Amino acid sequence: MGMDEERPEIDQPEDENEEDPIERFRRLTSSSSEPQDSPGEDTLGLYRAGPAPSPESDPGRKISDSPDQTFGWHGRGHGEPEPSPALESDFTDLEDELRDDFSGFQEDTMIMAGEGGTDKPEPPAPGTDLPNDMDEEQKHELPDEVSSRPESAQSETDLGTQLGDTPPSMSKMQGRIPPPPPLGRSGQTPPPALDAEGMPLPRRVTEDDLDATRVSPAAVITKPPQRPRTQSSRPSGSQRYPASSPSGSTRAVRQPRRTTPRYAPMDAGGRSNRLSGNCFVQAMIWMLFAGLILLVGAFSFMLVQYYSIASTLPDVEDIQGRSSQFETTRILDRNGDLLYEIIDPNAGRRTYVPLEKISPYIVAATIATEDENFYSHPGFNAWAIVRAFVQNLQSGEVVSGASSITQQVARMLFLDPEEASQRTYLRKVKEAILAIELTNNYSKDEILELYLNENFYGNLAYGIEAASETYFGSAADKVTLEQAAFLAGLTQAPSVYDVYTNRQVALDRQKYVLKLMYDASQAQNCIYVSNSVQRICVDLEIGSQAAYALEAYEFNQPDVKIRYPHWVNYIRTLLEERFDPQTIYRSGFTVETTLDPRLQQMAITSLQSHIALLQANRVQSGALVAADPTTGEVLAMVGSVDFYNEEIDGQINMAVSPRQPGSSIKPITYIAAFEKGWTPATLIWDVETEFPPSGDPNDPRAPYVPVNYDERYHGPVTLRSALANSYNIPAVKALDYVGIYDDPNTPIEDGMIAMAHRLGITTLNEDYFGLSLTLGGGEVTLLDMVSVYGVFANMGNKVPMVAITRITDFKGEVVFQHQPTNGEQVVRAEHAYLISSILSDNTARTPAFGANSILKLPFPAAAKTGTTNDFRDNWTIGYTPNLVVGVWVGNPDYTPMQNTSGLTGAAPIWAEFMQSAVQVLEGANPIPFRQPNGIVEVVVCAISGTIPSKYCPTQRTEIFASDQLPLPATQDLWKEVEVDTWTQLLASSACGDFRKQQLVLNVTDFWAGEWIADTGAGQTWAKEIGFERPAYFIPQKECSQNDDPAIISFEGLRDGQQVTTAELPIILRVWGGGRFDRFFLDYRTLGGGSWTQIQGFSEQSKEPKDFYVWDLSEVPDGKIEIRVRMEGSKNAEAEKMIQLEIIKPTPTPTPTPTETPTPTITATPTETLVPTQTFTPVPPTATPTPP
């Protein structure tokens, strides 16, 4: 309603005799002590009912914003009618509820006004009137003098409400201020009408007043300044009631407080939640109204777009004329010569059959696979489209089509090939519109019948009848459940699910269709088909039986000869990835490909001739791919030695079938290492090493211990030598350094798998690979590996592989045109050149392959071989700057070959083809590898790969990226340091007694140290480079007291001491801790000579101990050196020497005693004893001498 519009009047009450509520209000509130229009203020600090005071009459009073508002209640404008009795009655009910809750509200309002205490209010004084609606129980709770008040006292209370005491119900209502009148309303608002109990009634809201429930700031009560409180006559501590007005009217009666009010609670501003609820309802109405407008607008827009797009589409009534049309599709080589021609199948391979002559199983399988809700939707499945949209949005590309059967028919018959190949939402819209028109003009049975008769099922089978005869030799109405599931699965990609080339893939697809039929049966209580009275039910038992019914079935391949069949089928697969299968064979495509027939024939000849020589090694097949790395064009592709030989699975295209690549994948690991700082001169220890299988140090499984192909260890090798000779252990160490998967803590994507994908590998997407991945533990395709090596050949620039250059339809209009690109620089040119340099270095690979291996060609060519365990796969991939060729040799059924490696199996085919192809493509002057500007040559130590130190015996020249130079001479293998001989750590003040300058091996690889110290090969190598046993390794830290240093001291002897005794007690402190093994006491004459051992000991003591008493009788006088030499584990040793001067005392002569005369003895006869016989011992027998 506008601000200037006048509010229409409302109906008058029908009872003309009824008392005017306004007059009734005045009568009940009249008093001689205060004029009627005098403003008043209640004792709670809130406004009481009465006419609005003017600002002039009371400047300190807070009044409503509008002059026609009194205490927040809407008053009627002058001349407006009174509210109807019906509204009075409604409001009376609310008044009854408010009256019952007066006590609880009074306490709240007292606190808000600043007049209340903290205790409950005391009962009214004797003689105070009780409310009329008070029940007997409430009266019983009051004091006797109050509850016994006479009825005549009621009039005093009524009078008192005008004179100053606001009635309880009125106080309550003042806290529930309704919204103000609409803006623009003028004039004074009279007091509201009252009900029979003296309570104000709400004014009726005008029915067309949209602002009647609007809440304005006037709805919030602002407390006026507090008035001085009057002390109660009650004893201290009792509840004080508000003081009465100057009129001295009786105070309000105390009501029992209700703990839970029955009315809606108020909000913070004093407004009822009912008003908020009204706002919410109004907002919801507006939202619904706005939504309806948007819906109508969207529908109108869609309707306009529908007719706009529909006007550009062909007439669907021409469906019969468009069906069964066929244009020959031709596939050409790069010279324009015909390779394959798909002729009109109407000559005998297409038979149109009505729906009633098609097996219900075919209908059920087709519906479950292609369009589960075919019979119920209007031509397109809206839910499927929404689902596909969400999936495409999440993936960032079109991954889900959601085309119904009717949409497929529409695309098949009415869209031109170029538009049909576009994966756009506009195409989907057009399909949906055409599908709607088809549904409006044709029955579901007619559409389904046309679909089944027009579909291409592969192997020149057009229509379901031809497909049934081609694959199963039966009519369409005789097809069984398992056969129907097989046929229904073909239409999505006939070349991919070709049972003659990809048998297992085709059978897996059949199982998937059976699963879809089972799901549909469960969801729909079996599958409804219009050509059968009974529904088709597929339960677990039936589905399981059908899933394996074709495992042993022998499909008889049609006798169709194709020139270069693997290439033709590969092209058809690419076409089906881009175009709908039905579009390909109806549009008269002429497909121009990159195949070079000369190279293709060379490839076939080389494969067949060499595989024939390997029959004794149980080799059955092979594959070859050749490409131009600068353009990405595939020049030759042979998938097997004989496409038509079923005994060797010749139909399988091994050029695009994933297999394990063996060592041919190692360059990917090493170029990733280049990116992390390694160089061709980086030293790697080819020694027995244990790794955690996954590369995770916390892997609890048994360690992974790789071995080399020749089952030998080669000690320290540089990266160039490791890659050129295809050593396994260095490759695993390189992968351990690079990482298998991307490290999320690094700013750029890293790890071997990330590098493989960057170079062109499309597999290796699993998350279970371990360190054996660098030895060929994952599966890749030959085509992908050729792409990877093409990046090396093209200086790190990746050009996508190309097989189709141009497609035109039967009108000659270009449907597809390949646009050559400059490619993408996926790795640095310097790093790619380093790989090429290593793989073409015949000198570097001589130790493993010999100086004149098959890999040595008459021109510079890089090559890498690969052999898997049990000889299941042989690989050789190599390149020149303009040609990259990959060869695989093996058996498609994974049976192992016998004693055949990449060098003896695949390399001869590669070498022969490379020489022939380079001669054809480049003539007698093949292009050498071009060195980029960022490559420099540096002289390094041939053994360590660092800048040579003075100890390095041999040197050579190596190439480096200019910003990744070799390590300095201080990092050479030979390093002179001061070490503690016992702990074998760097000498320090804590371990300074047994130090010496030591030429040590700068070896930080733990397993290298083990190899040098504990193996004969390692010790021999160390001796060859100048380290006698034991060889010392560079310590990793300084010695400290925590390392248990050695203690040797001579107790009671000092250096240079003279020893004049014949015996010398040896008191020592000898301690070596856990390393201690034994110690020896030696001496020698000062000035040289060899040491003579005095005694050996196997015990140690930290405290002085008398170990030995040395008899000096055999020691010549003079100066000697005495030494304690302690030995321990891990070549630990410590010794201490002191000098002594031996001065033995001169021996004193023994005096000769004086001879005493012998006295004369008188002999006394004694008994003669018989002497005991003494046995003479027999000399021992001599020990026999061995012959």
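The values are calculated or read from the model by the stated rules, or taken from the named source; none is laboratory data. Please read these numbers as outputs of a predicted model, since none were measured by experiment. We place every Cβ from the backbone using ideal geometry, glycine too, and count neighbours over all the protein chains shown.
Does E958 satisfy the condition of being buried (at least 17 other Cβ atoms within 10 Å of the Cβ) and either of a type in the set (D, E) or free of Cβ contacts under 8 Å to residues at least 12 places away in the same chain (or both)? Step through it out loud before you land on a result.
Details: buried (at least 17 other Cβ atoms within 10 Å of the Cβ): yes; either of a type in the set (D, E) or free of Cβ contacts under 8 Å to residues at least 12 places away in the same chain (or both): yes.
Spelling it out, E958 is indeed buried (at least 17 other Cβ atoms within 10 Å of the Cβ) and either of a type in the set (D, E) or free of Cβ contacts under 8 Å to residues at least 12 places away in the same chain (or both).
All told, Q931 meets the bar of being in contact (Cβ under 8 Å) with a residue 40 or more places away in the chain and either surrounded by fewer than 19 Cβ atoms within 10 Å (Cβ to Cβ) or part of a helix (DSSP H, G or I) (or both).
Please go through region 442-467 and give me each residue that is assigned to a strand (DSSP E or B) and either among the polar types (S, T, N, Q) or touching a Leu at 6+ places or on another chain (Cβ under 9 Å) (or both), ordered by number. Listed by number, the list holds a single entry, F456.
Residues in region 882-911 that are aromatic (F, W, Y) and in a helix (DSSP H, G or I): W910 only.
Scanning region 695-724 for residues that are among the polar types (S, T, N, Q), surrounded by fewer than 21 Cβ atoms within 10 Å (Cβ to Cβ) and in contact with a Phe, Trp or Tyr (Cβ under 9 Å, 6 or more places away or on another chain) yields one hit, N708.
One line per residue, one yes/no per condition, for (1) crowded, with 22+ Cβ neighbours inside 10 Å; (2) in the same structural domain as V634 (by TED's automatic domain parsing); (3) in contact with a Gly (Cβ under 9 Å, 6 or more places away or on another chain); (4) assigned to a helix (DSSP H, G or I):
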| position | (1), (2), (3), (4) |
| --- | --- |
| Q510 | yes, no, yes, yes |
| V533 | no, no, no, no |
| E541 | no, no, no, yes |
| A552 | no, no, no, no |
| F555 | no, no, no, no |
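Taking region 515-558 as the range and being closer than 18 Å to I358 by Cα and more than 36 Å from the chain's Cα centre (by Cα) as the test, the residues that pass are I527, Y528, V529, S530, N531, S532, V533, Q534, R535, I536, C537.
Residues in region 566-604 that are modelled with pLDDT under 95, more than 40 Å from the chain's Cα centre (by Cα) and not hydrophobic (A, V, I, L, M, F, W, C): Y585, R586, S587, G588, T590. Here region 450-484 is the region considered, the condition is being over 18 Å from I405 (Cβ atoms) and touching a strand residue (DSSP E or B) at 6+ places or on another chain (Cβ under 9 Å), and the residue that is surrounded by the most Cβ atoms within 10 Å (Cβ to Cβ) is L481.
Scanning region 1116-1136 for residues that are within 14 Å of Q1093 (Cβ to Cβ) and surrounded by fewer than 20 Cβ atoms within 10 Å (Cβ to Cβ) yields a count of 5.
Taken together, D498, D519 contain a single residue that is part of a loop (DSSP other than H, G, I, E, B) and in contact (Cβ under 8 Å) with a residue 60 or more places away in the chain, which is D498.
Residue-wise test of (1) closer than 28 Å to E978 by Cα; (2) without any contact (Cβ under 8 Å) to a residue 60 or more places away in the chain.
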| site | (1), (2) |
| --- | --- |
| N1042 | yes, yes |
| I1047 | yes, yes |
| V1059 | no, no |
| L1068 | yes, yes |
| R1075 | yes, no |
| F1080 | yes, yes |
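Please go through region 906-917 and give me each residue that is crowded, with 22+ Cβ neighbours inside 10 Å and either β-branched (V, I, T) or out of contact with any Phe, Trp or Tyr (no Cβ under 8 Å at 6 or more places or on another chain) (or both), ordered by number. If the condition is that a residue be crowded, with 22+ Cβ neighbours inside 10 Å and either β-branched (V, I, T) or out of contact with any Phe, Trp or Tyr (no Cβ under 8 Å at 6 or more places or on another chain) (or both), then A907, I909, W910, A911, F913, M914, A917 are the ones that fit.
Out of (1) part of a loop (DSSP other than H, G, I, E, B); (2) surrounded by 20 or more Cβ atoms within 10 Å (Cβ to Cβ), what's the single condition that is false for S949? Of (1) part of a loop (DSSP other than H, G, I, E, B); (2) surrounded by 20 or more Cβ atoms within 10 Å (Cβ to Cβ), only one is false for S949: (2). In the set P661, P692, only one residue is touching a Phe, Trp or Tyr at 6+ places or on another chain (Cβ under 6 Å) and either touching a residue at least 24 places away in the same chain (Cβ under 8 Å) or surrounded by fewer than 24 Cβ atoms within 10 Å (Cβ to Cβ) (or both); that residue is P661. Among residues of region 1012-1027 that are closer than 14 Å to N1002 by Cβ, those with a beta-carbon under 7 Å from a residue that is polar (S, T, N, Q) and surrounded by 17 or more Cβ atoms within 10 Å (Cβ to Cβ) at least six positions away or on a different chain give the pairs I1012/Q1019. Scan region 807-821 and tell me whether some residue there is surrounded by fewer than 19 Cβ atoms within 10 Å (Cβ to Cβ), among the hydroxyl-bearing types (S, T, Y) and over 39 Å from the mean Cα position of the chain (by Cα). No: region 807-821 contains no residue that is surrounded by fewer than 19 Cβ atoms within 10 Å (Cβ to Cβ), among the hydroxyl-bearing types (S, T, Y) and over 39 Å from the mean Cα position of the chain (by Cα). The residues on offer are V296, V353, V316, and the sole one that is in contact with an Asp or Glu (Cβ under 7 Å, 6 or more places away or on another chain), modelled with pLDDT of 60 or more and among the hydrophobic types (A, V, I, L, M, F, W, C) is V353. Condition (residue is among the acidic types (D, E), part of a helix (DSSP H, G or I) and under 38 Å from the mean Cα position of the chain (by Cα)) applied to region 635-646: is it met by at least one residue? Looking through region 635-646, none of the residues is among the acidic types (D, E), part of a helix (DSSP H, G or I) and under 38 Å from the mean Cα position of the chain (by Cα). Every condition in (1) exposed (fewer than 13 other Cβ atoms within 10 Å of the Cβ); (2) modelled with pLDDT of 60 or more; (3) of a type outside the set (V, I, T) holds for K1144 except the one numbered (1). Taken over region 868-881, the criterion of being under 16 Å from E779 (Cβ atoms) and either more than 38 Å from the chain's Cα centre (by Cα) or part of a helix (DSSP H, G or I) (or both) is satisfied by N869, D870. For region 1054-1075, the tally of residues that are surrounded by 18 or more Cβ atoms within 10 Å (Cβ to Cβ) and not in a strand (DSSP E or B) stands at 2.
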